[in-house]
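Written below as structure tokens is the structure these notes are about.
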Amino acid sequence: MTYDLVVVGGGPAGVAGALTAALAGLRVALVDSGLRLGGQYFRHTAAPRPAAGLDRFLRQARALDARADVLLRHQVWAVSREPDGDLLVHCATRDMAAPASSPGADGRSDDAGRSGGAGLLGGAGLLGGVGRSGGAGLLGGAGSSRGDGADGRSGERAVVLRARRLLIATGAHDRPLPFPGWDLPGVLTAGGAQALLKGGGVVAGRRIVVSGTGPFLLPVASGLAGAGARVLGVYEANGGLGLARHPVLALGKAGEAAMYAAALARHRVPYRTRQAVVAAHGEREVEAVTIARLDRDWNVTATHVVECDTVAVGYGFVPQIELGTQLGCQTRHDVDGSPVLSVDATLRTTVPGVWAAGEPVGVGGWRLAELEGRLAGRAIVSDARTRPAPGSRPDRTANVSAPPADDVSTASASRAGTGLAAGSRVEAAGDVRTGALPESGGVAAVVPPLFARRRERWRAFGEALQRAYPVKPGWQGWLHDDTLVCRCEEVPLARVREAQALGATDARSIKLLARPGMGWCQGRICGYAVSCLAGEPPQPPRRPIAQPTTLGALASLTAPDAQAPDAQAPDAKAPGGATAPDDDPAH
Ligand SMILES: Cc1cc2nc3c(=O)[nH]c(=O)nc-3n(C[C@H](O)[C@@H](O)[C@H](O)COP(=O)(O)OP(=O)(O)OC[C@H]3O[C@@H](n4cnc5c(N)ncnc54)[C@H](O)[C@@H]3O)c2cc1C
């Protein structure tokens, strides 16, 4: 089967994009590595607690599940182009020992207890001992936390989807900075601590210090405090003014900020500015941290020690753009120097058939991500209508493998849509409020002015946040010669400096000489720090695979039992049918 659209990422951007396209009658598959739809912001347990926008997201997710193939626990490691222009989306998935529970987004199944990390942690990633065993699979079976069989049958195995179009909605992951002791168990990224709490109801520790920069520290600290942890302090490395320098932009967030401030006050959590954790101490795990007072450039001016068992640190986010760079999409540097995918007003990348939305286009919050997903969906529908695929396209199922019958995703996979013809049955006139799609047209038809203005405003807000909470160079002075910069390959700062003394002038040549970024995570954790140490902005990733995967999964690509999808399966999802108001992303 060939999908009209495959969406990678089940956060607000991916779900809005996929639903918009599916409602218009396109045959859509959405792939996410997590156990449930939600992404970083809407990550939730089986019994979700109230959170802004969550009800609406769950409505969208349910509507999507009824109209598209939602493949959870599928990690996409590559996308390649076929000679005829179609895209092959290469995923690795894993058979679960226990009977799989429902993949639905509505929280009907309680599989959090079995998550073991892979889905639960998603892109967040943990530092310290937990992260080493709990993250994504590894390239090469050795050391894999999953116990995969090398034959690819008992562990991870490959699933390949064929698509005419791709929407990259892969979000972002935490940006950590190295400091002495950051490799001790008990040191987590702020997103990792939050992922444990939101995804599995697990409180990361009992006496927790939260440190780093940016407003994301506030929900993390108040969430942990609300769940019973003693949060000893939030240490913000930048000044306290933050968004106050951008009052118009701050206005929209004033309510949220006040809510977090009240929560911190209620739990007696001190919030300190121009201070940060600069070292963690302990024999086998974290027992204390050094907190430093910082000047404007983050040079240390004074220190004191605080006893704790857990540290959550976060210095912003790194957009996940690997799938785009693999395909040759152009990138640009965002305000904070992060490489992001270049897109036009309709979220189209520079590579034909490929769109991107949400954090891979630039970090800007879940509202913006959802709006962009929706706009990308509209653009994709418009593209499909103006360049419809031939109805009598030859069946290519022989080239495609799909989840076997016992996979959790099969129930929805067998209800695949019937394609574009149905799309023509939906509303012809574009309507901004209902989200109805125009038959065809230029940018203005796909992106109505109201949406364009909203996107501009929220994008400006995201950029203002990045300006308000920069990473300052003084952190490099927190490191000692023996501080690990790359935890996977255990590369200390001294080795990086040696490489520089030998003539390495950029991150890539440092990597070649000293090996930071050559290990399990392929520079996803240390890449930013190594670029800073090299004195250059982070470069777009040039990794052959977007996500670590096992050799077993790769081997199963050629396994004789690779199955073709049931292309003849009747369509039970009524693509192009009448749209219930609740299912519309506009609601
Ligand atoms: C760790 C973390 C925590 C955050 N917490 C908050 C918060 O509490 N409040 C807030 O306002 N904002 C938060 N943000 C910002 C947040 O990301 C939102 O702005 C919003 O969730 C972005 O939506 P998105 O759809 O672009 O990406 P996401 O919500 O990140 O969704 C991306 C999805 O893609 C999936 N994915 C990525 N790569 C692959 C792959 N190769 N194969 C398969 N699936 C893949 C991920 O599992 C994820 O589900 C957080 C960000 C991070 C990184």
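The values are calculated or read from the model by the stated rules, or taken from the named source; none is laboratory data. This is a predicted model, so every value here is computed, not measured. Counting neighbours? That spans all protein chains shown, and the Cβs are built from the backbone with ideal geometry, glycine included. Surface areas here come from the heavy atoms of the whole protein model, side chains and all, with no ligands, DNA or RNA. Shrake-Rupley method; radii C 1.70, N 1.55, O 1.52, S 1.80 Å.
Of all the listed residues (185, 180, 215), the sole one being within 14 Å of the ligand (Cβ to nearest atom) and surrounded by fewer than 21 Cβ atoms within 10 Å (Cβ to Cβ) is 215. For the stretch 146-177, name all the residues that are in a loop (DSSP other than H, G, I, E, B), more than 13 Å from the ligand (Cβ to nearest atom) and at pLDDT 95 or above. Selection gives 164, 165, 177. For residue 318, are the conditions met, namely being open to solvent by less than 70 Å² (accessible area, probe 1.4 Å) and of a type outside the set (Asp, Glu)? Spelling it out, residue 318 is indeed open to solvent by less than 70 Å² (accessible area, probe 1.4 Å) and of a type outside the set (Asp, Glu). Remark: pairs (first residue in the stretch 45-60, basic (Lys, Arg); second residue open to solvent by 30 Å² or more (accessible area, probe 1.4 Å); Cβ separation under 6 Å; 6+ apart in sequence or on different chains) = 59/582. The residues of the stretch 347-384 that are more than 11 Å from the ligand (Cβ to nearest atom), in a loop (DSSP other than H, G, I, E, B) and open to solvent by less than 40 Å² (accessible area, probe 1.4 Å), listed by number, are 347, 349, 351, 353. Quick test of your reading of the structure: residue 10 fulfils all but one of (1) in contact with an Asp or Glu (Cβ under 6 Å, 6 or more places away or on another chain); (2) of a type outside the set (A, V, I, L, M, F, W, C); (3) open to solvent by 10 Å² or more (accessible area, probe 1.4 Å); (4) in a loop (DSSP other than H, G, I, E, B). Name the failing condition by number. If we test residue 10 against (1) in contact with an Asp or Glu (Cβ under 6 Å, 6 or more places away or on another chain); (2) of a type outside the set (A, V, I, L, M, F, W, C); (3) open to solvent by 10 Å² or more (accessible area, probe 1.4 Å); (4) in a loop (DSSP other than H, G, I, E, B), just (3) comes out false. Per the conditions (1) more than 10 Å from the ligand (Cβ to nearest atom); (2) crowded, with 24+ Cβ neighbours inside 10 Å, the sole criterion not satisfied by residue 84 is (2). In the stretch 514-544, which residues are aliphatic (A, V, I, L, M) and buried (at least 17 other Cβ atoms within 10 Å of the Cβ)? Result: 514, 525, 529, 530, 533, 534. Given the structure, is residue 344 assigned by the TED database to the domain that holds residue 88, over 29 Å from residue 213 (Cβ atoms), surrounded by fewer than 17 Cβ atoms within 10 Å (Cβ to Cβ) and of a type in the set (D, E, K, R)? In short, yes. One residue stands out among those in the stretch 34-83 that are acidic (Asp, Glu) and over 21 Å from residue 324 (Cβ atoms): the one that is modelled with the highest pLDDT, which is 69.
Tallying residues that are free of Cβ contacts under 8 Å to residues at least 24 places away in the same chain and outside any strand (DSSP E or B) within the stretch 283-310 yields 2.
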